[in-house]
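Participant: Okay, here's the structure, questions in a sec.
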Amino acid sequence: MVLPGRLMTRFLLATWTAVWLAGIAPSAGAADAGATPGAAAQPDSLQRAVQAGRLRIGYANEAPFAYMDSRAGRLTGEAPEIARVILGRLGIGEVEGVLTEFGALIPGLLAGRFDMIAAGMYVLPDRCRQIAFSNPTYGVGDGFLQRTDNPRRLHGYADVAADPGARVGVVVGAVQNDYAARAGVPPSQVVVFPDVVSAVEGVVAGRADVYAATALTLNYVLTKVPDWQIDKVARFVQPTENGEAVRGYGAFGFRQGDVALREAFDRELAHFIGTPEHQRLVEPFGFTANELPGDATSAQLCGQSPAAAPAPASDPS
């Protein structure tokens, strides 16, 4: 049976959603292994992880940064794969994933449900006041995803703010919420979704005109189901701050008291990021040399020092 274009779109979306939902259910072992919420962190998480031979990481099931490959039964993506390499060099052979909504990753880390955030989380000053970050592993710009029949001309957050009838979709807790607010988009025009699949489904169903995310996320979504009636907005205008285009830098998150773990992780990370081994590892997830973080450090990004600010961004796609 051949379905009309729109029905085919919904069928493909529903199929991928079902596969995605099947893949996000954590195993009983992973759920049982989580620490009791509110429990105090151990004084030396590095020593404890080395002795146990494993470390729990929180992730939000957002491709290509961190997600469960339901067919292979494996947690993968840019962040988990890098984590496996770096932790392996520290003598920690097993990485255990704890699925968490993006907006609950920092509370989950602080509550002791896991010992590290591996979700491609941007280093932002507000987050730096709550947790500590490794140095970044990538830098990337933003983009909009829309239906191909979208009549609105929305090339950036400012266009959404200028059109009272326009709605932009964002994932809860993601930095795109802040970009929209800084551009003057009122809360009534922001549609918040729990995850990437819901946001894409919302655009297809017409609940949002565009979905705002990193260019890497959008590229990955478009490769999964090429027959969807959606595409990236052309000539996207990057959000700006202090007159410069914003480039997001993703890193691993740690509790501020886990100094030994973070410093050991950073030491090994410095010898890995940008090497041929690193680039081969992340290439399947759409990362190229254009997404390397350069000289940006978590200290610079947390402090927002003008002298140390990263270079303006361009859309890497």
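The values are calculated or read from the model by the stated rules, or taken from the named source; none is laboratory data. What you see is a predicted model; the values in this text were computed from it and never measured. Virtual Cβ from ideal backbone geometry, glycine too; neighbours counted across all protein chains shown. Keep in mind that these areas ignore ligands, DNA and RNA; they rest on the heavy atoms of the full protein, side chains included. Shrake-Rupley method; radii C 1.70, N 1.55, O 1.52, S 1.80 Å.
Participant: Which order do you get for V196, V237 if you rank them by accessible area with a 1.4 Å probe, largest at the top?
Facilitator: Details: V196 15, V237 90 Å².
Ranked from most to least accessible, the order is V237, V196.
Participant: Multiply the residue gap between R152 and L124 by 0.36 nm, knock off their C-alpha separation, and tell me the result in nm, one decimal place. Could the numbers behind the result be given before it?
Facilitator: Details: separation 28, 0.36 × 28 = 10.08 nm, distance 3.11 nm.
This chain segment gains 7.0 nm when fully extended.
Participant: Assuming 0.36 nm per residue, please report the length gained on full extension of the stretch A205 to T223 beyond their Cα-Cα distance. Before the final figure, lay out the partial values.
Facilitator: Numbers: separation 18, 0.36 × 18 = 6.48 nm, distance 1.96 nm.
Between A205 and T223, full extension yields an extra 4.5 nm.
Participant: Which cross-chain or sequence-distant (5 or more) residues have an amide H under 5 Å from the amide H of G97, H modelled 1.01 Å from N in plane?
Facilitator: I57
Participant: Here's another thing I want to ask about it. Using a 1.4 Å probe and counting only protein heavy atoms, arrange R182, R280 so the residue with the most accessible area comes first. Provide the component values of the computation, followed by the final result.
Facilitator: Details: R182 130, R280 155 Å².
I get R280, R182, largest accessible area first.
Participant: Tally up the carbon and sulfur contribution to the accessible surface of the stretch 39-89 as a whole percent, 1.4 Å probe, everything protein left in place. Don't skip to the end; give the middle numbers.
Facilitator: Values: 940 of 2100 Å².
In the stretch 39-89, the share of accessible area belonging to carbon and sulfur is 45 percent.
Participant: Provide the solvent-accessible area of S134, counting protein heavy atoms only and rolling a 1.4 Å probe, rounded to the nearest 10 Å².
Facilitator: 0 Å²
Participant: Another question, if that's okay. Would you please put 58-70, 143-155 in order of how densely packed they are, using the mean number of other Cβ atoms within 10 angstrom per residue and starting with the highest? All intermediate terms of the calculation are to be shown ahead of the outcome.
Facilitator: Numbers: 58-70: 23.5, 143-155: 17.1.
Packing proxy ranking, top to bottom: 58-70, 143-155.
Participant: Here is a further query. What does the extension gain come out to for E101 and S70, with contour length at 0.36 nm per residue minus their alpha carbon separation? Write down the numbers at each step before the final one.
Facilitator: On the way: separation 31, 0.36 × 31 = 11.16 nm, distance 1.77 nm.
Using 0.36 nm per residue and subtracting the Cα-Cα distance, I get 9.4 nm.
Participant: Provide the per residue accessible area, probe 1.4 Å, for the stretch 142-238, rounded to a whole number of square angstrom. Each step should come with its number before you reach the end.
Facilitator: Numbers: 3840 Å² over 97 residues.
So the stretch 142-238 comes to 40 Å² accessible per residue, rounded to a whole number.
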